[in-house]
Structure formats: C-alpha cells, structure tokens
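The next block holds one structure in the form of structure tokens; read it before the comments.
The values are calculated or read from the model by the stated rules, or taken from the named source; none is laboratory data. Since the structure is predicted, the reported quantities are computational estimates derived from the model, not experimental observations. Reconstructed Cβ throughout: ideal geometry from the backbone, glycine too, with neighbour counts over all protein chains shown. To get the accessible areas, we keep the full protein, side chains included, count just its heavy atoms, and leave off ligands, DNA and RNA. Shrake-Rupley method; radii C 1.70, N 1.55, O 1.52, S 1.80 Å.
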Amino acid sequence: MSHYSFFNLAKKALGGHKNWAPAWRRATPQKHYDVVIIGGGGHGLATAYYLATKYGVGNVAVLEKGWVGGGNTGRNTQVVRSNYFYPESAAFYDHSLKLYESLSRELNFNLMLSQRGHLSLAHSEHEMEIMRRNVNAISLNGIDARELSPAEIKKRVPLINLNARYPVLGGFVQPRGGIARHDAVAWGLARGAYNAGVDIIENCALTGFDISGGRVTGVQTSKGAISAGSVGVAVAGHSSEVARMADLKLPITSMSLQAMVTEPIKPVLDTAVISPTIHMYVSQSDRGEIVLGGGADVYNSYAQRGGMRTIEDNVAALLELFPRFSRLKLMRQWAGVVDISPDTSPILGKTPIDNLYINCGWGTGGFKAIPAGGDTMAYTIAHKTVHPLINAFDLQRFERGALIDESAASGVAH
Amino acid sequence: MLQITCPWCGPRNETEFSFGGESHIIRPVRPESISDRDWSDYQFLRENPKGTHYERWQHRFGCRQWINVARDTLSHEIYSVYPMGDPKPVFDRKEALL
Ligand SMILES: Cc1cc2nc3c(=O)[nH]c(=O)nc-3n(C[C@H](O)[C@H](O)[C@H](O)COP(=O)(O)OP(=O)(O)OC[C@H]3O[C@@H](n4cnc5c(N)ncnc54)[C@H](O)[C@@H]3O)c2cc1C
Ligand SMILES: [Zn+2]
C-alpha cells in the first residue's frame, strides 16, 4: 500500500501520480474464513477492520453485493453527533464520536471530520420545555450540549429566518457534532481492513445460509459457497430479505430516505442545522453545495429513489427557514433504503442462530454510529460475548418490552 | 408520486392518503393469555418484502375509508386495491418482479 503523506504526495507527483497502489485489491473468495461479513457498507467494513486490527481475527472476508459504500453509507447527509436522550444511546453514540475523532489519523485517510456544531431548533413553548429536558439529560450523560437564544442562533446562522411560519424560539447546540465525509469513511475503512489482511469481495451477493443444528456454518453466494466460523450481517435496508434466508423475521421496515443538494455556492452556513418540528435538516458541504434532507418517504420501499411529495416537503421547509436559498437550483436528488426499527434504535448482537450476528435497524441515522457499530460487533463476534455498550440493543428487547425509544424522546434521528 | 385508486373516490394523489403499514395482521383475541414472545411478534415483526406488499392506506383527505393495497415495493406498481377484511389476492412474486 502507499502511505498517504505530504512527502509521498510530492514524490508521486513527480512521477505523474501513476504509481499509487490501489487502496484495496479485488479478492476472489477463499473456501473458508473465520468470519464472513455480509454487506460492504460502513458497518460491515468497520466490523472487519476492528476484527483484524483490534481483536486479532485476521482471516475475515467482507461480501458486498454491489460496490463498497454503494449503499446508505455513500448516500447519507454526513451528520455526526452524540446528543441522544437515553443513557444507553448516549454511551454508544459518544463512543462512536470519540472513535471518529481519532480515526483519520489511525486510518491514514482523511475522513474530513468537521466538528462545526450541530444545532437543533425549537419552535414552540412546549418544544422549548422538551428541549431543556433533553439538554439536561444529555449533560447528565456527560455530553456537550448548550442552549442558545434566538439572538445567539441568528449570530451563529445569519441567513436564518427566525420569524418563519413556526418561529424559532430557541435551540441547542452540540459543539462536537458536525459532519464527516461519507465516501471517505467507506474507503478509509476498506483500505484499513484490506491492509490488515481482510478480503474485500465486491459484486458478491449473499444468496443463502448453511445452517445445521441451529448453527451457521457457511454462506451461499453468487460466487459460490464459502464456509465460515461466524457470520455477521450488516445489510441495512436489505436486513429483512437476508434474515428471511435464515428463516428469521425482523421488526424492520425498509423505506426510502432522500437527500438532495443545490448548486455549489460560497460558504454561507458553517454549522449543521436541524428542525425536528418541520422535519428538515441542512448543512453546507466542503464543495459548497447546500445539503438537505428530512423524513423518509412514508411507505415501504426498496427503490433507491423516493418521490416528489417528500422533495416538495423538504424544500418548502428549507425555504421557510432560509428564504434566500430559494434562488438556488437543486442539482441532484437521491435516496437510500433505510432499515427502520420500531423504536428507531439499532438492533445489534446475537441472533437465535448460533454464530450468526446482526447489525441493523439504523434507519435514518447510522452513519454517525459506524465506528462504534463496527467496534462493538467485532468484539461480540471475536469473544462470542456481547459488548457491554450494546447489551441493551439486542433483538430480544422487543419481547422484554425494553424499547429504547429515541424517536419519542428526541423527535427525529439522522 | 403514487396514484391510488380509491374504490369510492376514484384515482387520487398519494398526498391525500396516509400509510397504515402491513395489512392482514390479526390481533390476538386474548392478549393476556399469550406469551410475551407472541405478543411482541404481533406488535413488531413485519414481512417487509422486496416485492409484493399487502398494506393499508387511509384516504385521509377524502372519504376517510381504510383500504387494502397490494403494491410492489421495488417498482411501486399497484397491483390491486381491495376492501378491508378481504383475503390477500395472490400474485406470483417472481412474475410481479419482472
Ligand atoms: C439520504 C440519507 C441520509 C442519511 N443521513 C444520515 C446522517 O446525516 N447521519 C447519520 O448518522 N446517518 C444518516 N443516514 C443513515 C446512514 O447512512 C445509514 O444508517 C448507514 O450508512 C448504514 O450503514 P450500513 O453499513 O449498515 O449500510 P449500507 O451502507 O447500506 O451497507 C449495506 C450494504 O449491504 C449490501 N447488501 C445488501 N444485500 C446484500 C446481499 N444479499 N449480499 C451482499 N451484500 C448485500 C448493500 O449493497 C450495501 O452496500 C442517512 C441515510 C440516507 C439514505
Ligand atoms: Zn376515498
């Protein structure tokens, strides 16, 4: 591999940048792996990366139906934050943010983490009360959060219209929140995993599991059968379809979540802004595009597109808060298939089938969770013991009635 | 944008409807006498197919009736709109996906 450094950049520039080694090489599947991970999104790649680098399991493959990062990991709006309400979520998501804070250096790959702050708005007295309760809970969980007055918000975000149809009465910021480059996360982790000996096999779809005596022993794929000590599944919107191959039914609904960008403009917005009430969030990318999104399209869907109704809703909400953006043209719109769980919290850990592990239920907000999702799943697979940070996020919690209802607690995910 | 043909009002825009999730889920008659497992299965487990999905919609900004819709979750094509209480119309899933 080529180390990425200023020195190497200058050196390779002299050779016309022709001799960079590929970030990872195409692998053909071997007959057996200690661990096979299904899904080459952030969570699958991070699991493989941490298995190989932190937990000493080197004989690992990642099977990806399409291409690395072609799923939701390459389609999201890049928001990272850890300002969750429940202690279980706060501990998990802050672990993730802390890992992100040092991951660029560790991976020798610039993830372009930009901790520009994450600002949530409140538009009514009731929301102000709930928001203060949230800020208190978040602070008690040891996470940075601070209430802002409308004047402070205006100072921070000069383009905002405080007297919108739903006037802005206040807000709170998580200063450590912000955005990170989504493709870089996929590519950096793939490169890191590959360098640690992981086989990354693209264009390889899982088609079935080999299960005997309640234990998974291997997988069937479009590139043939592979035997495996353990199998980890991280396929986001396709979780129900993959689980069905193992005769498991999940509490997951797949829906289209859209995002869109405007034409690029000079820097005008240097923080991430979200309004749970009008269900819209916005930030400006390093390329200058205004990136916006909102809620998922309201019905089950595996189509990576999404409909006009949501586009209109998102744009109308944006223009209410930022009237000046009405002059901008939308350049692109796209969607990913998100895996929504009943309590909008992830499902992580063991399944009723031995040696088969699952990572799903991220819905609209699993990008920020990639480092922690990978770390805790890798630990769980390597030790065959559930990582303490994800104990509460097991599949069985629905049976116990122990839901972690973040959507009810904080309004929206992302 | 979907166009759903309400049996009472005719073809209408998706924006007039609200989505009610998977249909044909039967509430256990005596919840207190079933296991936590069965109750949670009833409450939370969903088919969530890539293909034909049998789902409920309410014509919320129209006649306010609930209806059943058989719709493909990949192409979004609507195969059938049928009354609540009727059995699932059967489609060959493979054929539907073509
Ligand atoms: C528009 C949009 C905006 C979002 N915004 C944010 C945000 O701002 N912040 C945030 O934290 N989260 C956000 N999210 C959510 C976040 O993107 C996802 O939760 C996260 O990327 C999930 O990662 P993953 O690795 O589980 O899934 P993915 O990246 O989707 O990876 C799953 C992979 O599995 C593969 N796969 C599927 N079936 C098979 C099979 N049979 N065999 C082999 N491989 C298979 C797929 O091809 C895919 O590459 C957003 C999502 C979308 C769509
Ligand atoms: Zn009607």
Shielded residues, segment A:263-303 - accessible-area loss of 20 Å² or more between chain alone and all protein chains, probe 1.4 Å: A:Val298, A:Tyr299, A:Asn300, A:Tyr302, A:Ala303
Selected from A:Ser149, A:Ser96, A:Ile201, residue furthest toward positive end of dipole (segment A:94-246; charges at beta carbon): A:Ser149
Only Cα pairs within less than 10 Å get springs; with that Gaussian network setup on chain A, which residue of A:Tyr299, A:Tyr194, A:Tyr84 has the largest fluctuation? A:Tyr299
Just the number, please: carbon plus sulfur as a percent of the accessible area of segment A:117-211, 1.4 Å probe, no ligands or DNA/RNA counted. 53
If DNA, RNA and ligands are ignored and the probe is 1.4 Å, what is the ranking of A:Arg75, B:Arg56, A:Arg25, A:Arg165 by accessible area, most exposed first? A:Arg165, A:Arg25, B:Arg56, A:Arg75
P(r) weight above 40 Å for the protein assembly as shown, C-alpha pairs, percent: 23
SASA check, B:Met84, accessible area w/ 1.4 Å probe, all protein chains in place, rounded to nearest 10 Å², comes out at 80
Residues of segment B:1-19 losing 50 Å² or more of accessible surface, assembly versus chain alone, probe 1.4 Å, please list them. B:Met1, B:Glu14, B:Phe19
Would you rank B:Ile25, A:Ile404 by solvent-accessible area, highest first, keeping every protein chain in place and using a 1.4 Å probe? B:Ile25, A:Ile404
Need one word for segment A:46-89: rounded, prolate or oblate. Basis is the Cα gyration tensor (sqrt eigenvalues a ≥ b ≥ c); a/c below 1.5 gives rounded, then a/b vs b/c decides. oblate
Of all accessible heavy-atom area on segment A:241-289, the percent that carbon and sulfur account for (1.4 Å): 54
I'd like to know which of A:Asn59, A:Ala21, A:Gly69 lies farthest towards the positive end of the charge dipole of segment A:17-80, counting +1 on Cβ of Lys and Arg and -1 on Cβ of Asp and Glu. A:Ala21
Between helix A:370-383 and chain A, what is the angle of the helix's C-alpha long axis to the longest principal axis, kept within 0 to 90° and rounded to the nearest 10? 30
What size of dipole, in debye to the nearest 20, comes out for chain B about its Cα centre when the only charges are +1 on Lys and Arg C-beta atoms and -1 on Asp and Glu C-beta atoms? 160
Could you report the buried accessible area between A and B, both sides summed, computed with a 1.4 Å probe and given in Å² to the nearest 100? 2300
Could you give the alpha-carbon Rg of segment B:39-87 over 2.2 N^0.38 Å, rounded to two decimals? 1.28
Yeah, segment A:21-71 with a ≥ b ≥ c from its alpha-carbon gyration tensor (a/c under 1.5 is rounded, else prolate when a/b outruns b/c, oblate otherwise) is rounded
Ignoring any ligand, DNA or RNA, what whole percent of the accessible area of segment B:1-87 comes from carbon and sulfur when the probe is 1.4 angstrom? 47
Give me the accessible area of A:Trp20, 1.4 Å probe, in Å² rounded to the nearest 10. 70
Span from the segment A:115-147 Cα centroid across to the segment A:54-106 one, whole angstrom: 24
The protein assembly as shown - charge dipole about Cα centre, Lys and Arg +1 at Cβ, Asp and Glu -1, debye rounded to 20: 1400
If a/c stays under 1.5 just call it rounded; otherwise compare a/b with b/c (prolate if a/b is bigger, oblate if not). Do that for chain B, with a ≥ b ≥ c from the square roots of the Cα gyration tensor eigenvalues. oblate
With all protein chains present and a 1.4 Å probe, the order of A:Met377, A:Met112, A:Met331 from largest accessible area down is A:Met331, A:Met112, A:Met377
List the residues of segment B:42-64 that lose 50 Å² or more of accessible area once all protein chains are present, compared with their chain alone (1.4 Å probe, heavy atoms only, no ligands or nucleic acids). B:Phe44, B:Leu45, B:Arg46, B:Glu47, B:Asn48, B:Lys50
Could you state the accessible area per residue of the protein assembly as shown in Å², with a 1.4 Å probe and every protein chain left in place? 43
Expressed as an acute angle from 0 to 90° and rounded to the nearest 10, what is the orientation of the C-alpha long axis of helix A:125-140 relative to the principal long axis of chain A? 50
Just to confirm the number: angle between the C-alpha axis of helix A:308-321 and the first principal axis of chain A, 0 to 90 degrees, nearest 10? 40
